[in-house]
1. Given C-alpha coordinates of the protein assembly as shown, what is the ratio Rg to Rh with the Kirkwood estimate of Rh?
2. A plus B alone minus the pair: what accessible area, both sides summed, probe 1.4 Å, in Å² to 100?
3. Separation of the stretch B:118-147 and the stretch B:50-68 by C-alpha centroid, Å?
4. For chain B, what does -39500 (n - 2.57) per DSSP helix run (n ≥ 4), summed and divided by total residues, give at 222 nm, in deg cm²/dmol to the nearest 500?
5. Where both partners of a DSSP beta bridge lie in chain B, what percent of those bridges are antiparallel, to the nearest 5?
6. Round to a whole number: what % of the accessible area of chain B belongs to carbon and sulfur, probe 1.4 Å?
7. Can you list the residues, at least 5 places off or on another chain, whose amide H is less than 5 Å from the amide H of A:S129, using H built in the peptide plane?
8. Residue by residue through B:1-11, how many Cβ atoms from other chains fall within 10 Å of the Cβ on average?
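The values are calculated or read from the model by the stated rules, or taken from the named source; none is laboratory data. Treat the numbers as computed from the prediction; the structure is a model and nothing was measured. For neighbour counting, all protein chains shown are included, and Cβ atoms are generated from backbone atoms with ideal geometry for every residue, glycine included. These area figures cover heavy atoms from the full protein model, side chains too; ligands, DNA and RNA do not enter into them. Shrake-Rupley method; radii C 1.70, N 1.55, O 1.52, S 1.80 Å.
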Amino acid sequence: MCSLEKRGTLFILTLTGADGDDQHRLGPQVIASLLSTLSRIAAEAIPGSVLITTAHGRYYSTGFDLIWARKAESGAAAANRLQSMVNSLKPVAAALMSLPMPTIAALNGHAAAAGFLLAICHDYVLMRSDVGVLYMPEVDLGLPLPDYFAAMFRSKIRSPTVMREVVMSGVKVKAAEGVRMGIVDSAHDSAESVVEASMRLAEKLSRRKWVGDVYADIRKNLYPDACAVLDLPLKPLLVSKI
Amino acid sequence: MCSLEKRGTLFILTLTGTDGDDQHRLGPQVIASLLSTLSRIAAEAIPGSVLITTAHGRYYSTGFDLIWARKAESGAAAANRLHSMVNSLKPVAAALMALPMPTIAALNGHAAAAGFLLAICHDYVLMRSDVGVLYMPEVDLGLPLPDYFAAMFRSKIRSPTVMREVVMSGVKVKAAEGVKMGMVDSAHDSAESVVEASMRLAEKLSRRKWVGDVYADIRKSLYPDACAVLDLPLKPLLEHSKDKGGKGQWDLQLCFE
């Protein structure tokens with residue numbers, strides 16, 4: 001699942017996974033827990049609120065719970081389970097893109113597939129450099145991308161070369177390279193220091209005391225394609241009158 | 001025309017032009033030949049297939065066969081000939097963007113106009129540095145861009161500055177500058193070495209044994225604007241997991257090292 005801690009204006013959401021799963025796979029319960037926690041965070045937002053998401057151990061998240069999918073009674077049933085996870089994560093991505101506060105992904109470890117997708121739904125990505133890669137395994141597994149995955153990667157990675165390497169070629173990206181590629185904001189040499197740096201960034205952003213709804217509207221208006229795919233309506237910032 | 005050679009999992013398509021045309025201009029027969037060859041390549045794709053396109057001499061291709069267009073009996077007829085080439089090259093661009101395998105343009109020389117367009121329809125562009133420039137002459141010739149040209153350049157060149165220099169200003173770009181601008185993946189100092197490097201890249205990609213249809217669908221999903229202009233439908237997600245069954249699809253041991 002996920003746990004939520006409040007420290008002043010900071011919300012710290014920690015992915016804990018189900019049944020001691022240290023890869024924090026995104027199965028139905030984890031996804032439902034994420035969605036309700038993000039709703040709660042949005043409801044409790046005040047000017048200066050900031051969200052940090054993180055996890056403990058060597059993994060941020062390795063994506064959908066393919067173990068659960070594979071336990072289904074047939075290939076078709078397994079595909080249905082995967083489809084259901086794909087469908088239910090979309091509102092989580094939408095919730096992050098419309099969250100009325102800055103969002104920081106503090107990557108404590110590997111972020112792959114839907115885990116990588118979650119990370120890039122954040123405004124800031126800080127990553128640990130001693131452990132962990134960013135990895136889109138879909139091409140290696142022979143799985144096409146859900147529409148909103150492609151939309152978010154297109155939106156957050158603008159370079160055709162980086163898109164090719166990361167999304168079409170399944171290159172495993174460590175923190176330093178992630179920074180060079182423009183996917184990661186900064187690299188930090190331990191689990192503690194990436195969380196520490198995220199907290200300092202969050203405090204700096206919090207001091208701006210941004211009005212959350214306006215912050216979210218500005219964010220969404222910079223990503224209209226992704227918002228369209230995520231079924232997020234765009235409110236005009238200012239209605240222009242002729 | 002073009003010739004096709006198979007080396008293991010590698011398809012090597014060589015632009016040869018018509019009637020000894022060393023600029024490998026894209027006239028009606030060359031375009032038709034390209035289209036049917038790409039169809040054949042797509043049909044013969046297996047996991048690990050890779051396409052390299054190249055040419056011999058100082059030119060990859062200088063674009064549409066404007067000589068043939070000008071031989072028409074009137075200005076209007078010439079415009080029609082150009083228009084017909086524009087229309088018939090669009091499915092070639094679409095075929096490249098939908099090709100179920102990685103694609104590498106091994107630029108042995110100049111790539112201009114529709115020749116440059118062909119190059120950027122590939123996943124990888126390797127270029128010779130001793131001979132050849134990339135050049136979009138349309139602005140200098142007073143010719144507007146076909147819609148799919150603009151769509152592909154917008155999609156593959158994201159920097160406004162580079163778009164302005166290359167497409168709006170007709171700057172002639174050598175390999176090293178192409179690399180700096182992000183249009184060229186690597187520069188190589190001879191015709192032999194650009195082909196050699198393309199083969200090595202192809203072999204590296206081939207070892208991944210990607211399922212071609214999935215690779216192509218992922219490619220297309222990253223370029224929806226260009227695909228719309230090229231009339232390439234995007235397939236809805238996850239049809240594959242039911243009927244294509246990629247290798248190790250449910251393989252849970254993602255390797256992170």
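1. Numbers: Rg = 24.5 Å, Rh = 24.2 Å.
Expressed as Rg/Rh, it is 1.01.
2. Numbers: alone 11530 and 12750 Å², together 20720 Å².
Summing both chains' loss of accessible area gives about 3500 Å².
3. Measuring centre to centre over Cα atoms gives 11 Å.
4. Values: 12 runs with 113 residues, N = 257.
-12500 deg cm²/dmol, from helical runs alone.
5. Values: 7 of 28 bridges.
If I count the DSSP bridges inside chain B, around 25 percent turn out antiparallel.
6. Values: 5920 of 10930 Å².
In chain B, the share of accessible area belonging to carbon and sulfur is 54 percent.
7. Hits under the 5 Å cutoff: A:H188, A:D189, A:S190.
8. On the way: counts 0, 0, 0, 0, 0, 0, 0, 0, 0, 0, 0.
Whole-number average of other-chain Cβ neighbours for B:1-11 is 0.
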